[in-house]
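Peer 1: If you scroll down you'll find the structure; I have some questions about it.
The values are calculated or read from the model by the stated rules, or taken from the named source; none is laboratory data. Note that the structure is predicted; figures quoted are calculated from it, not measured. Ideal geometry is used to build each Cβ from the backbone, glycine not excepted, and the neighbour counts take in all protein chains shown.
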Number of protein chains: 2
Amino acid sequence: MRVKKIVLAAAITMVAAVTLAGCGKKSSSSSSVTTTGSTSGNYQGVIENGRYKTSKARGVNTAQNANVYNLKAFESGLINVSKLVFSTKSYIFQEGQYLSSSTLDNWLGRKTSSNPTGLNPAKGKSSDPNPEYIQQIEEQDYMQQSGNSLKLKGIVIGIGVNSEYTYQKTTDGPNYTKNISNAEVQKQGKLAAAKILKRLRARKDLKNVPIVIALFKQASDDSLVGGNFFAYSKNNGSTISSWKTLNYKAVVLPKASDSTSSNSSDQSDNSNFTNFKTQIQSFFPNLSGVTAQAQYYNNSLSGMNITVTTQFYSETEIQSFTEYIVQAAKKYLPNGIPIEIKIQSSNSIQAVVYRNSGSSSYQSHIFSSY
Amino acid sequence: MRVKKIVLAAAITMVAAVTLAGCGKKSSSSSSVTTTGSTSGNYQGVIENGRYKTSKARGVNTAQNANVYNLKAFESGLINVSKLVFSTKSYIFQEGQYLSSSTLDNWLGRKTSSNPTGLNPAKGKSSDPNPEYIQQIEEQDYMQQSGNSLKLKGIVIGIGVNSEYTYQKTTDGPNYTKNISNAEVQKQGKLAAAKILKRLRARKDLKNVPIVIALFKQASDDSLVGGNFFAYSKNNGSTISSWKTLNYKAVVLPKASDSTSSNSSDQSDNSNFTNFKTQIQSFFPNLSGVTAQAQYYNNSLSGMNITVTTQFYSETEIQSFTEYIVQAAKKYLPNGIPIEIKIQSSNSIQAVVYRNSGSSSYQSHIFSSY
């Protein structure tokens, strides 16, 4: 499969009919047109000259996140914000092509005479430094087919704002941590958004394209869940039009018994999960860990990722346990939301049980070896 | 869910209708009856007093296998041999309950005055020791419902025979390795089988039950695939009735370019896989590894496990790459056999694409995080 030109495939009608297995398209009218294909509800990606078109700032955010949960939550979350504005049926996803690694590295730095575009404030006193507020920035491009090429129809920018700042007063001295209030996170995120919008709009090639900016509050470095998006704004001009609130929250289950739940729905989610956990622990000997990440959207549970860790002594144990977990999940876990259950031994994943968004039945796969 | 008695559920008619998602059963006539449920083509497992009934020799084989591929291939392979004799629709699987850890530890040892039941020969000269031939033994029980309890209807014993023997002539001296010929593997496996059959048949509780014995040739410790079953025998008496040949083989793909393929079908399987590998490597930058375990049954490809390892720099890369892999798998990989593709970064699994046995479409799952 050699592809010579810019590429894509709208395949809009196809996508609607696409099932779990995914479905790509190779145009019959032109040999140069391909996409990654798409699974239901996901974007198709862009292939150029036969290769996946990676970001111009590839790897910048990987280096910016000490906590891998923040990286994953930021990127998956940004795609979800994009879906609110750019339908997966009408738009094709392209990794950011307008902001380069060096541009972003500069923006993520402190503002100094040698780095005038830095979005973070100058350091100030070593004994009481100004926090670095802006931790990561990501660009995503949304495209539509136009004749034989792709045309940019929208840009989405995510900005990750720190909720705490760790520093040392002297080189190799002890670490100090400043908490950054929610109000400050909001303020700093919106300040950075205004600057970034102006800078992008000043570019000739981005003069007329809608620019969506979304703000993300980073979780602390030791958190077992990532942060969350809390606001976004869609802009046609060069100043922020208005902010829409996003109400996401991620928590770890089971909750510590002394934790105060904010509402009764949280409590019942926690107790459902605890029942599931108790059930599978009484079934299988010596389970060493059963924990979950639970995500809330507008105060309703919107998804769960469960990890079950134990030592297995045989393949047949893995098979039987996986089948049992499917039953327990059906019985104890909530309906109508995506659920993922990883079943792993200390070294490696052994099986996965999952129910995708929009599906009513669980799938399971036991990892095989010959 | 409290379960008070011995347990099970034949659920025979249900199993036939069961789909991928699995389906358990709780009898309406008795509150004490449960199973692990069953996915299509797999056995249901036994739950006793609400707990999974583990093997009486739990963990023995884990300790016996330096190469984890041997352990997995042995146990999955033994289940496949069992399916040739005991239908998954009519029988319920139970982990071995008749051979204890201490019995098996003795059997797997050398025969000495203090260990008269050892299946391996006395050591002989340190400078030229007799090999330890028998490396692992596993028991599986096959049950049927009888009134309110389960009745044993068959036992399957797997015997793993070494294809090489590593020893030291002096304590802490260098390692020496003796290859064990195929003829010797066959001979030693059959000798051990005859002894084990006699020992089991001498037990009152196993007097009348069919005893299937299957022989497995262990792969070398540094092999990237496990060994394979090469013979089995179903016995109603106390001597081996006759041996049936099993023609399994597992290989690693892609093959080294200088390897001589045994036949043209092997060559075309290798070249199909190489095309798949080339295709995804030209698509995605810097793929660090694309390898496969391929299994053959009666000289036809019967399954593949592919591992793709690379560094990903964003969630969107993982999503796009996974969707592309589904397309490439459809185009380049053979139809009609189970295929598993693990997509992982150096640390952890990121996605899985698979097509189950008997299915014509691929499923994919991208691991999620909040």
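Residue-wise test of (1) within 21 Å of the chain's Cα centre (by Cα); (2) closer than 23 Å to residue B:41 by Cα; (3) among the hydroxyl-bearing types (Ser, Thr, Tyr); (4) assigned by TED's automatic domain parsing to the domain that holds residue A:291.
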{"position": "A:330", "(1), (2), (3), (4)": "no, yes, no, yes"}
{"position": "A:338", "(1), (2), (3), (4)": "yes, no, no, yes"}
{"position": "A:343", "(1), (2), (3), (4)": "no, yes, no, yes"}
{"position": "A:352", "(1), (2), (3), (4)": "yes, yes, no, yes"}
{"position": "A:355", "(1), (2), (3), (4)": "yes, yes, no, yes"}
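Peer 1: Please specify each residue of the range B:316-358 satisfying the condition of being of a type outside the set (S, T, N, Q) and assigned to a helix (DSSP H, G or I).
Peer 2: B:317, B:318, B:321, B:323, B:324, B:325, B:326, B:328, B:329, B:330, B:331, B:332
Peer 1: While we're on this one: In the range B:48-69, which residue that is farther than 22 Å from residue A:283 by Cα and within 10 Å of chain A (Cβ to nearest Cβ) is modelled with the lowest pLDDT?
Peer 2: Filtering first and then ranking leaves B:63.
Peer 1: Output yes when any residue across the range B:108-115 is assigned by TED's automatic domain parsing to the domain that holds residue B:215 and touching a residue at least 24 places away in the same chain (Cβ under 8 Å), and no when none is.
Peer 2: Looking through the range B:108-115, at least one residue is assigned by TED's automatic domain parsing to the domain that holds residue B:215 and touching a residue at least 24 places away in the same chain (Cβ under 8 Å).
Peer 1: List every residue pair whose Cβ atoms sit under 9 Å apart, with the two residues 6 or more apart in sequence or on different chains, where the first one lies in the range A:40-68 and is assigned to a strand (DSSP E or B) and the second, anywhere, is of a type in the set (Lys, Arg).
Peer 2: These pairs meet every condition: A:44/A:25; A:45/A:53; A:46/A:53; A:47/A:53; A:48/A:5.
Peer 1: Further, regarding this structure: If I filter the range A:115-123 for residues that are within 14 Å of chain B (Cβ to nearest Cβ) and either over 29 Å from residue A:294 (Cα atoms) or assigned to a loop (DSSP other than H, G, I, E, B) (or both), do I get at least one hit?
Peer 2: No; the residues of the range A:115-123 include none that is within 14 Å of chain B (Cβ to nearest Cβ) and either over 29 Å from residue A:294 (Cα atoms) or assigned to a loop (DSSP other than H, G, I, E, B) (or both).
Here's the yes/no breakdown for (1) modelled with pLDDT of 95 or more; (2) outside the structural domain of residue B:304 (by TED's automatic domain parsing); (3) under 24 Å from the mean Cα position of the chain (by Cα); (4) among the charged types (D, E, K, R):
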| site | (1), (2), (3), (4) |
| --- | --- |
| B:215 | yes, yes, yes, no |
| B:229 | yes, yes, yes, no |
| B:234 | yes, yes, yes, yes |
| B:240 | yes, yes, yes, no |
| B:257 | no, no, no, no |
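Peer 1: Which ones in the range A:125-144 are farther than 24 Å from residue A:66 by Cα and surrounded by fewer than 20 Cβ atoms within 10 Å (Cβ to Cβ)?
Peer 2: Result: A:125, A:144.
Peer 1: Okay, moving on. Can you tell which of B:302, B:320 is among the hydroxyl-bearing types (Ser, Thr, Tyr), more than 24 Å from residue A:96 (Cα to Cα) and facing chain A (nearest Cβ under 10 Å)? Let's see the steps before the verdict.
Peer 2: Numbers: B:320 fails: more than 24 Å from residue A:96 (Cα to Cα).
From the options B:302, B:320, the qualifying one is B:302.
Peer 1: If you scan the range A:326-370, which residues turn out to be more than 9 Å from chain B (Cβ to nearest Cβ) and among the β-branched types (Val, Ile, Thr)?
Peer 2: A:337, A:339, A:341, A:343, listed by residue number.
Peer 1: Just for the range B:315-370: of the residues that are aromatic (Phe, Trp, Tyr) and buried (at least 23 other Cβ atoms within 10 Å of the Cβ), which one is nearest to residue A:352 (Cα to Cα)?
Peer 2: Looking at the filtered set, the residue picked out is B:354.
Peer 1: For residue B:172, are the conditions met, namely being assigned by TED's automatic domain parsing to the domain that holds residue B:99 and without any contact (Cβ under 8 Å) to a residue 12 or more places away in the chain?
Peer 2: Yes: the conditions hold for residue B:172.
Peer 1: Ok, one more. Looking at this structure, is residue A:311 among the polar types (S, T, N, Q) and within 7 Å of chain B (Cβ to nearest Cβ)?
Peer 2: No, not satisfied.
Peer 1: Okay, next question. Looking at (1) surrounded by fewer than 18 Cβ atoms within 10 Å (Cβ to Cβ); (2) within 28 Å of residue B:43 (Cα to Cα), find the lone condition where residue B:112 falls short.
Peer 2: Failing condition for residue B:112: (2).
Peer 1: For residue B:223, are the conditions met, namely being touching a residue at least 60 places away in the same chain (Cβ under 8 Å), more than 27 Å from residue B:98 (Cα to Cα) and in the same structural domain as residue B:134 (by TED's automatic domain parsing)?
Peer 2: yes
Peer 1: Further question: Kindly list, by first and then second residue, each pair from a residue in the range A:77-89 that is within 11 Å of chain B (Cβ to nearest Cβ) to a residue that is surrounded by 15 or more Cβ atoms within 10 Å (Cβ to Cβ) and in a helix (DSSP H, G or I), limited to pairs with Cβ atoms under 7 Å and residues at least 6 apart or on different chains.
Peer 2: The qualifying pairs are A:79/B:316.
Peer 1: Take the conditions farther than 30 Å from residue A:204 by Cα, facing chain B (nearest Cβ under 10 Å) and touching a residue at least 60 places away in the same chain (Cβ under 8 Å) and apply them to residue A:293. Does it pass?
Peer 2: yes
Peer 1: Determine whether residue A:271 is more than 10 Å from every other protein chain (Cβ to nearest Cβ), of a type in the set (Gly, Ala, Ser), out of contact with any His (no Cβ under 7 Å at 6 or more places or on another chain) and not in a strand (DSSP E or B).
Peer 2: yes
Peer 1: Residue by residue through the range A:305-326, note down the ones that are free of Cβ contacts under 8 Å to residues at least 40 places away in the same chain, farther than 22 Å from residue B:77 by Cβ and either not assigned by TED's automatic domain parsing to the domain that holds residue A:341 or not hydroxyl-bearing (Ser, Thr, Tyr) (or both).
Peer 2: Within the range A:305-326, A:305, A:306, A:308, A:326 qualify.
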